[in-house]
Amino acid sequence: MNCSKCKAEWTPPAGRTITHCPFCGEALVATTFANKESALHEMLRSIVQQFGREILGEARLIGLLADFKPDTERKHLHILRQAVSDSIAPKLMGLIKNHNSGSILQINVLKEDLKNNHGFSNTADYVIDCLLYALGWTNDVPKEEQNFVQVNNLNILQHTVQMAFSDGRFTKEEAKSIFAMAETLSISEQDATGLIVQNLKKNQFKADKPFDNSNSTIKEIIISRNWISKANDTVVDKYESVKIGDQVWMKQNLDISNFRNGDPIPEVKTDEEWMKAVKDGKPAWCFYNNDPENGKIYGRLYNWYAVNDPRGLAPEGWHVPSDAEWSKLMNYLGGGEVAGGKMKTTDAINWNSSSQDTTNSSDFSGLPGGYRYTDGTFDGLGNGGDFWSSTESSATNAWYRYLLYNYANVYRYYFDKGYGFSVRCLRDATISLFFY
């Protein structure tokens, strides 16, 4: 036997139960409660029986497991260590103590948060089920791992749920379809409900009517209501959209000052600050000529570092189009030689002048927002509209599209990532199951 605290090793006398290290007094797992061949859930239950439930929330839990069962899988220890750090066990104890119809739902939310926040696989579900077993929540023995088909089906349903929320609303029909799909995929109602509630919580959705029936199950409540996102209402209202082929585009240039997660995007006004952002590869935005009145018409200019930031420049449900997605739009409109005329707004107030081929027949309503050079100077307002893609062409350059006032073309080229261009967003793809 060995001690995790002082690292001493010894062999206990035959027939004796050793509960504390004879060298430093550290508490140990007694051999009367478990053996080295015990599965994780039995080991945890044994530890709880000897040291009490609170041990599951203490850092020494990992040392006890490693001491007594050195062959414990490293991934299980890693997840347990994070569960201790996130106070998962105390939260589970609270749910067990205040057991109600929403407890299972909250347990599912804890599982999803543990996986999503730390990149764990579905093994995290098993570890939490082992904690629940040790706490006496259920007599069911946790299954060691889900097989490949189960994991794949759960991933399919998770992606489907995310797509259902991408347009800023979650309807009764979508809820029914998700539960029907879960049944087809042999996924429990409990797991399907957990995925839905996780997205309701993450996107700050509210119901179209209050919870007035406490006797309803969570599933019944979800199916009986339409849900409207507080976070996405302003996005849906602010940006009109237009369907061109099978793509849905914003009709206005992007005009936001925060990343999708709420972090502010730095506004950079002076030439020196703009050049520093370029040199450091940091995200930045500005109004043309630093004039907010230009922003009311043309939106904001962003460098490519803002476009590519992992926090997400586009609002929820949208993304900055790739070079390939821009090409798809060009091809649908007849090719780059004529697409520009079909994309530029015919409003002469915004364009200095316009070619006779300008029709805006696509309703894209392209605007000449101009651009900002890497040295911080501005140019092009009223003459051209430049739009970033999310695709880089090299370590220092990225692809973009631009429209000119006196040509019907859409031009494709690459420029330094430090330029300030306009951004048009493309709606994330949704599956036909949720069209309504």
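The values are calculated or read from the model by the stated rules, or taken from the named source; none is laboratory data. Please read these numbers as outputs of a predicted model, since none were measured by experiment. No Cβ is skipped: glycine too gets one built from the backbone with ideal geometry, and neighbour counts run over all protein chains shown.
Brief remarks on what is shown
- Contact map, the stretch 380-399: residues that are in the same structural domain as Phe421 (by TED's automatic domain parsing) paired with residues that are surrounded by 23 or more Cβ atoms within 10 Å (Cβ to Cβ) and polar (S, T, N, Q), Cβ distance under 7 Å, separation 6+ or inter-chain. Pairs shown: Gly385/Ser422; Asp386/Ser422; Phe387/Ser422; Ala398/Ser389; Trp399/Ser389.
- Residue ID - modelled with the lowest pLDDT, chosen from residues in the stretch 268-294 that are part of a helix (DSSP H, G or I) and among the acidic types (Asp, Glu): Glu293
- Count of residues meeting criterion [in a strand (DSSP E or B) and buried (at least 17 other Cβ atoms within 10 Å of the Cβ)] in the stretch 248-267: 3
- Criterion (part of a helix (DSSP H, G or I), assigned by TED's automatic domain parsing to the domain that holds Asn226 and modelled with pLDDT of 85 or more) met by exactly one of Leu157, Leu132: Leu157
- Sole exception among (1) free of Cβ contacts under 8 Å to residues at least 60 places away in the same chain; (2) in a helix (DSSP H, G or I) for Ser177, by number: (1)
- Filtered by the rule that a residue be farther than 26 Å from Asn290 by Cα, buried (at least 20 other Cβ atoms within 10 Å of the Cβ) and either of a type in the set (A, V, I, L, M) or modelled with pLDDT of 90 or more (or both), the stretch 339-361 gives Ala339, Gly340, Gly341, Lys342, Met343.
- Taken across the stretch 238-256, residues that are modelled with pLDDT under 80 and polar (S, T, N, Q) do not occur at all.
- Residues in the stretch 301-327 that are part of a helix (DSSP H, G or I), closer than 22 Å to Gly370 by Cβ and hydrophobic (A, V, I, L, M, F, W, C): Trp304, Ala306, Val307, Trp326.
- The lone criterion from (1) within 30 Å of Tyr288 (Cα to Cα); (2) part of a helix (DSSP H, G or I); (3) modelled with pLDDT of 80 or more left unmet by Asp233 is number (3).
Here's the yes/no breakdown for (1) aliphatic (A, V, I, L, M); (2) assigned to a helix (DSSP H, G or I); (3) modelled with pLDDT of 70 or more:
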| position | (1), (2), (3) |
| --- | --- |
| Arg16 | no, no, no |
| Ala30 | yes, no, no |
| Phe33 | no, no, no |
| Ser46 | no, yes, yes |
| Leu56 | yes, yes, yes |
| Ile79 | yes, yes, yes |
| Lys91 | no, yes, yes |
| Ile96 | yes, yes, yes |
| Ile104 | yes, yes, yes |
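- Close Cβ contacts (under 7 Å, 6 or more residues apart or on different chains) running from residues in the stretch 253-272 that are among the hydroxyl-bearing types (Ser, Thr, Tyr) to residues that are surrounded by fewer than 17 Cβ atoms within 10 Å (Cβ to Cβ) comprise Ser257/Pro264; Ser257/Glu267.
- The set of residues in the stretch 398-424 that are in a loop (DSSP other than H, G, I, E, B) and either at pLDDT 95 or above or acidic (Asp, Glu) (or both) comprises Lys417, Gly418, Tyr419, Val423, Arg424.
Yes or no, residue by residue, for (1) surrounded by 17 or more Cβ atoms within 10 Å (Cβ to Cβ); (2) more than 17 Å from the chain's Cα centre (by Cα); (3) modelled with pLDDT under 85; (4) not aromatic (Phe, Trp, Tyr):
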site: Ile178; (1), (2), (3), (4): yes, yes, no, yes
site: Gln198; (1), (2), (3), (4): yes, no, yes, yes
site: Pro210; (1), (2), (3), (4): no, yes, yes, yes
site: Asn213; (1), (2), (3), (4): no, yes, yes, yes
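- When Pro321 is tested against (1) out of contact with any Leu (no Cβ under 6 Å at 6 or more places or on another chain); (2) within 26 Å of Tyr411 (Cα to Cα); (3) surrounded by 14 or more Cβ atoms within 10 Å (Cβ to Cβ), exactly one condition is not met: (1).
- Top-ranked residue in the stretch 377-397 [being assigned to a strand (DSSP E or B) and of a type in the set (S, T, N, Q); ranked as surrounded by the most Cβ atoms within 10 Å (Cβ to Cβ)]: Ser389
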